[in-house]
Structure formats: C-alpha cells, structure tokens
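Asks: I have a structure I would like to understand better, so I am pasting it below and will then ask my questions one at a time.
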Amino acid sequence: MTEDDARERIAELRRLIERYNHEYYVLDQPSVPDAEYDRCMRELERLESEHPELVTEDSPTRRVGAEPSAAFGEVRHDVPMLSLENCFDEGEMRDFDRRVRERLGQAGPVTYAAEPKLDGLAVSLRYEDGHLVRAGTRGDGRTGEDVTANVRTIDAVPLRLRGEGWPAVLDVRGEVYMPLAGFEALNERARERGEKTFVNPRNAAAGSLRQLDPQVTDRRPLSIFFYGVGRAEGVDLPDSHLEVLARLRDWGLRVCPERRPVEGVNGCLDYHAELAGKRDSLDYDIDGVVFKVDSQALRDELGFVARAPRWAIAYKFPAEEELTRVEDVEFQVGRTGALTPVARLEPVFVGGVTVSNATLHNMDEIERKDVRIGDTVSVRRAGDVIPEVVSVVRERRPADARKVELPERCPVCGSEVIRPEGEAVARCSGGLYCPAQRREAIKHFASRRAMDIDGLGDKLVEQLVDAGLVENLADLYRLEAEAVAELPRMGEKSAHNLVDAIDASRRPTLGRFIFALGIPGVGEENAQALAEHFGDIRALARATRDDFVKDRGVRHVGPKTAESIVGYFDEHGLPDCGDAELAECLESLGIPNVTGRVAEALAERFDGIGALAAAGREALENRREVKVAGIGEVLADNIVRFFAQDHNQEVLEQLLEAVEPQAEASETAASDRLAGKTYVLTGSLERFTRPEARERLEALGARVTGSVSGRTTAVIAGADPGSKVDKAHKLGIEVLDEDDLLALLDGEAG
Ligand code: I6G
C-alpha cells in the first residue's frame, strides 16, 4: 500500500469509527455489530503502526495517550460552573415557580426544560475548532482539575465534533457517570479478585475519573450526558435550551434521552412523579430532576443569585443513603435455612421511608465491610430494594463497638448452625423441623416435580400451616377432609379432592421421594442417581460419607509425585534411614516433588521406609473417588447431615408409615411399551427439561439412568453432550438426538 493509499484508508477508517461511536453512544442505534467495529479499529491500529507519520492526536486509537502523571493540573473555567438551588417537596417547587413568574411578570405557565439529575461528576469540556482540547472537573466552580487525559478515554466523548456549524470555541458541560450494569460488573470483578469494591456508582465514577494513570480510567465503564453550554464563540445558539441540546446532539455530544419540555409547575410535578417511578429501570443513578426555564431571553431577565441561576432548580428525590447507628445485629432464618444477619438500626429516614433494619447479607459481607455493633454506618434504600448497610464510618467507631458473632444454634429452632468451609452462607441444620423452613419444605414436597400433589399449591400450604393443621410433611397424610373443609374459601368437595390427591401420592418413585425431602443441594437428577445407587430410602439414610466419596492414596501426593517416589525406589533400592524419623529421612533423600508436607503425609501413612518402598503407585496417588454420579463432597456432607438430624429421621419414619417409595419406574406408567429398555440422557434438550424427558420415558416403562454401561439401550443426546456420547460410541451403543426421542415417545420407534 502506498503512503497515499494508507492516508486515504486511515481517514476512511477514522470516519467510520467516529460514525459507529456516534450511532452507538449518541443515537443509541448501532448500525454494525461490535465485531465490525473491532475489525475497523484493529485495521486502523495496524495502519497507524505501519505509518507513524500519519498518526494524529484525535485519532480514535489515541484515546489513551498520556503517560501517568504525578498530579492533576488546574483548569480555569472562563465562565464559572455554577451550582443549582435544591428543593425537596412540592411546596418548595411551587415557591420556585412563583418566584420565576413574579420576576418575569408572567401570569401564565412558564415552559421548562426537564432533565434527570444524574448522580455523577460535573465536567466542562472545551472544543477548539471542533477538537477536544481540555476537560476539567467543577472544582470550586472557577478552577477545577485537569482531567483531559482521562476524559479522552471515555468512548462516548467525541474527540472531534461532528456535523457543521459548531462554534470555534465551545465549552460544554456534562455529567460523567458509571452505568449501573458496568458498576455491577466492575464490583463483581473486584470481589472475585478479593479487591475493594466501590460503595456506589458515583464513587466509582469519581474514583475512575480521578486516576493519575489514564490506562486505569480506560478500563472503567464510564459514560457522559451533556446538559449545557458554558461558552460558545462565533455562533448564535437558539433561544430554546432544548433546541441547544438538539444542536449538541447533532455535533455528536450525548444528551439525555429523558429530556423534555414541560408546561408550568404542574408539568414539572407530573414529570418529577413520572421519573421517580421510572428511576429503578434507568441504567444510571439519578438523585432528582433539574428544571430550567427553557428560553434564554427569559433566563437573561432572571439572572443569578450568589452562585446559582435563578432560572433553574434541582427537585431532589428523597436521599437514598443516610448515616445511622447499628444498635444490634440479629440473624433471620430464611425459607431455605440460610441465616441472614440483619442490622437493627437507630431509625432513619432514607429513600422516602423510615428504616430501622438493614440486611448485612452474610458473614463474609460483615467481615469485608467490618461492621460492628455500635458503628455508625451508611444505609442505602433504593426503590423497593431491601435497605442495606453500605459502609462503616470508621472515624466514628466507639471504643466499645462489638464484633458480630455467628450464632452456634438456630435462633428459631435451636438446631446446629453450619457454615461449610469456604462458604459465605451459614445454615440452620433443622431442615424439616425448623418452623422457619417448614412452610417452604411442605410447598416443595407437594410441588409438581416432587410428590406432585394435585391442588396443593403454595397458598393452600400457607393456609394449612397457619391453621395448625400441618406442622410437618407427615401431617399431610393425616389430614381429614372435615378439618380441611373448615378453611376459608374451601368447600367440602375441594377438601375431599385434596385428601384424595394426597392419597394418590402415596406411591412415588424413590427418586421423586428423595427429591421431595428437600435435602440442601439435591436436585432431581441427584435424587434419581441416589435412588438408583441405594435402591432404598433407609439405605440412603444410613449411608456415611465414605459411601459417597472416598479418598484413596496419600494426601498431597499427585500422579507426578507418586511416579517420582516409585521411580526413586526402583533406581536406588532401599535407603538407610538410620535412626532418623521417616519424614525427616524422606525429605533428605531429594526425591523430586517430595516436599516437607508430602514427607509428613507419607510418614503418617507408612510404618517405615520398607512399607513405603513396597507400595505401588495405586496406593500412593491421592484420588477422590465419587461413588454416586454427581454427588461430590459438599452434597455428601449435606445428605449425611440431613439424615443425622433426629427430627428429620423422625419425620422420615412418620412419612414412611404413610408413603411407600417405589425403587423402580413408577407403577403409574401409562404403558410398558419401553419396558426393559434403559436410556441415558445427556446434554441440553430444546423441547424438554431433562427431568421432563425422564418422566415421559419412565411413563412408558423405560429406565433412565445416569451413566452409560453395557446395559444401556441408547444415549439420548441434546446440545453439548459431553463424555457420555464418547462412551456410548466406544461401547457401540446407539446415540439418539432430540427428534429421535420425540419419535420414541410418540411410538414411532422403540
Ligand atoms: O450539576 C448539574 C446537573 C445537571 C447542573 C445542571 C444539570 O442540568 C441537567 N444544570 C446546571 C445549569 C448546573 N448544574 C449549574
């Protein structure tokens, strides 16, 4: 490519990229997929690196240009960045409007321009001859910090103005903010890396813009809305503020799509109410609405008072964050047994209501935020969201502030509280017994995919529990129609129907029954695997951890270490350890991979060097054998713990007096057309969930198992099937797809 060709192509690519940016950020209407944008960007980067003499400051590739600096320089605002008068209720809003009309001598309604007030950071950008030359924060209104290098990294900020007719010098004002989705993602990443999270999007935006290294800012998801002009040289702007904003948009400057003219104070109040309702669905935090007299001529008449214009006001929403004191921390038990710490607060008015409780989520959060009883904390309540403690004001911590301790016993039922290692959530182990979990346990038990008790929905379960007719699962089978008929909105017929439906559920498949018990973490597939493996509920209830997972070999000895140990003895024979302890001796031999902790583990396991030398690789290599498909350590612990609870055993025994789980396919099979056939389901199906497919096959008498063996009739594979299909191919077993499955169920194949 000649230099001229490169110049032409570079110019074309820059135009394209600027257009795509404009369509994406300003018009909200991208015309090409992201991949095409990326492709253009890469091509431009390549051409510019081949032709460095053609690089310009405002090329889209140069957003992150500057080196990190030691401090921010200063920016003087020729036209000061003013502040806004605030108001907080309808009365104050009406006062503002009255003052405006009185000053203007206008009896009729004034036209206002309404815009959301973003909770971000005010900035002023200067464009000279259409090029971005400078960006500063508000600072004290006259002098701010020079954040040009950082603002250039914000993709929504054009480095060059578009279109035509822009002023030779344009100072344009806007609010830099962090979209909520980007904020969540940023915090999620920080959490994953164990780094500090940002308290709210505003702090995140401010922290991101005030980075001395623009590369850091570049990685932060910032955006901007422009809301006004400070100075425009050489161009007459329209009289209407909203028309000015339309101009800004034409020049490629992003303006808020929620902006709108409103008539008089009633129009303002309607808009304010409307936006308050919309607030939670916006992708950015707002803290109120700004109303401005739309006409510049009228604004000029009104003028300024102190440092605020008389023609504008910010009508704030109730604050969503306030400070208060943590009086105590209590633990609530949720329907799944999870213990949630709740801060009891000195009542505080926040987000439009008085808040006296706020969630602390879990023990990890308490530790991360270091919340103590007695602390002054910032509490946030946004929209309908549950109030939460956001952060602690450490300077105000009293000397007698107390740490929060996780209780050892469930505050509701007194059962042991368990918090598996490495998990944030602590749970009550009371399961079927704990009143806090009872309702949900019963709802789950009755549900369609569990015992499938017709007509026993969530509402009815609530009624039965509230009336004291059902306290545990077994009570369902003791219900009498006469008592049920007494419930509100329940006639005799419905009561009989319910009792009949409960009766009809007395012979579930073992898999459904296990699933219905609601053992933490045991879903339908696991329940089925357990049913197939144990064949009997009492055998499952008696199982120990070793029946699910078994550790073989020696701790810390992986395959490589096992191999080097065996290799060492093959090569060197039996060394003489003398009087040395086995661990010490092993460590001194210099066997590759045998570190101190490996030597300790080997010494614990073997009586002497002779026994170790005689051990084969099998006896050394540490492997965790999972005996039931899908049941790893955590689930195994959950299962053993569930059945170890006296009260769960008691309910189970009572249940088994009424219910007879069936180890094989359900006796209610609609036909036995597929009797004797065994299928394995794998991958994701489009038209069924796996449990549904299993149910349909079982209804025709087929067995559905979790692993492929010589007895498998066929493997039915959906998308992304994994190793089961490979195994089927190896064993020469037929593999069917979803269409084949449909044909099978419809009776067209077998
Ligand atoms: O801080 C501000 C946020 C939003 C503003 C503002 C605004 O309009 C939507 N408008 C003015 C005139 C000022 N500050 C001074």
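Asks: Return a yes/no flag: does segment 237-249 have any residue that is without any contact (Cβ under 8 Å) to a residue 60 or more places away in the chain and within 14 Å of the ligand (Cβ to nearest atom).
Replies: Looking through segment 237-249, at least one residue is without any contact (Cβ under 8 Å) to a residue 60 or more places away in the chain and within 14 Å of the ligand (Cβ to nearest atom).
Asks: Give the residue, chosen from ARG335, ARG325, that is part of a loop (DSSP other than H, G, I, E, B) and touching a helix residue (DSSP H, G or I) at 6+ places or on another chain (Cβ under 9 Å).
Replies: Within the list ARG335, ARG325, the selection yields ARG335.
Asks: Now for a separate question. Which of the residues belonging to segment 636-661 are crowded, with 19+ Cβ neighbours inside 10 Å and within 18 Å of TYR477 (Cα to Cα)?
Replies: Those that are crowded, with 19+ Cβ neighbours inside 10 Å and within 18 Å of TYR477 (Cα to Cα): ASN648, VAL651, LEU652, LEU655, VAL659, PRO661.
Asks: On to the next question. Residues in segment 184-205: is at least one within 16 Å of the ligand (Cβ to nearest atom), surrounded by 17 or more Cβ atoms within 10 Å (Cβ to Cβ), within 26 Å of ARG62 (Cα to Cα) and more than 17 Å from the chain's Cα centre (by Cα)?
Replies: Yes, segment 184-205 contains a residue that is within 16 Å of the ligand (Cβ to nearest atom), surrounded by 17 or more Cβ atoms within 10 Å (Cβ to Cβ), within 26 Å of ARG62 (Cα to Cα) and more than 17 Å from the chain's Cα centre (by Cα).
Asks: Could you pull out the residue among ASP270, ASP283 that is assigned to a loop (DSSP other than H, G, I, E, B) and more than 15 Å from the ligand (Cβ to nearest atom)?
Replies: None of the other options fit; the residue is ASP283.
Asks: Another question about this same structure. Quickly run through segment 34-81 and pick out the residues that are in contact with an Asp or Glu (Cβ under 8 Å, 6 or more places away or on another chain), more than 16 Å from the ligand (Cβ to nearest atom), farther than 16 Å from VAL157 by Cβ and aliphatic (A, V, I, L, M).
Replies: Hits for segment 34-81 are LEU54, VAL55.
Asks: Give me the residue from segment 511-569 that is acidic (Asp, Glu) and farther than 30 Å from ALA583 by Cβ and, out of that set, surrounded by the fewest Cβ atoms within 10 Å (Cβ to Cβ).
Replies: In this case the residue turns out to be ASP536.
Asks: Sticking with this structure for a sec: Kindly list the number of the only condition in (1) at pLDDT 95 or above; (2) loosely packed, with under 14 Cβ neighbours inside 10 Å; (3) farther than 21 Å from LEU118 by Cβ that fails for PHE304.
Replies: Just one mismatch for PHE304, condition (1).
Asks: Across segment 307-321, what is the number of residues that are free of Cβ contacts under 8 Å to residues at least 40 places away in the same chain and either within 11 Å of the ligand (Cβ to nearest atom) or surrounded by 17 or more Cβ atoms within 10 Å (Cβ to Cβ) (or both)?
Replies: 0
Asks: Among the numbered criteria (1) out of contact with any helix residue (DSSP H, G or I) (no Cβ under 9 Å at 6 or more places or on another chain); (2) within 20 Å of GLN654 (Cβ to Cβ); (3) aliphatic (A, V, I, L, M), which single criterion is violated by ALA483?
Replies: It is condition (1) that ALA483 fails.
Asks: Separate question: Working only within segment 416-458, note down all residues that are in a loop (DSSP other than H, G, I, E, B), modelled with pLDDT under 90 and either small (Gly, Ala, Ser) or in contact with a Gly (Cβ under 8 Å, 6 or more places away or on another chain) (or both).
Replies: GLY422, ALA424, SER429, GLY430, GLY431, LEU432, CYS434
Asks: So, in segment 115-140, how many residues would count as being within 9 Å of the ligand (Cβ to nearest atom) and surrounded by fewer than 24 Cβ atoms within 10 Å (Cβ to Cβ)?
Replies: 3
Asks: Does GLU243 count as assigned to a strand (DSSP E or B) and either surrounded by fewer than 20 Cβ atoms within 10 Å (Cβ to Cβ) or in contact with a strand residue (DSSP E or B) (Cβ under 7 Å, 6 or more places away or on another chain) (or both)?
Replies: The answer is no for GLU243.
Asks: So, in segment 342-360, exactly how many residues are more than 22 Å from ALA426 (Cα to Cα) and in contact (Cβ under 8 Å) with a residue 12 or more places away in the chain?
Replies: Looking only at that region, the number is 11.
Asks: Suppose the filter is over 27 Å from ARG173 (Cβ atoms), away from the ligand (no atom under 16 Å from the Cβ) and either of a type in the set (A, V, I, L, M, F, W, C) or outside any strand (DSSP E or B) (or both); does ARG98 pass it?
Replies: Here the answer is yes, as ARG98 does meet what is asked.
The values are calculated or read from the model by the stated rules, or taken from the named source; none is laboratory data. Treat the numbers as computed from the prediction; the structure is a model and nothing was measured. No Cβ is skipped: glycine too gets one built from the backbone with ideal geometry, and neighbour counts run over all protein chains shown.
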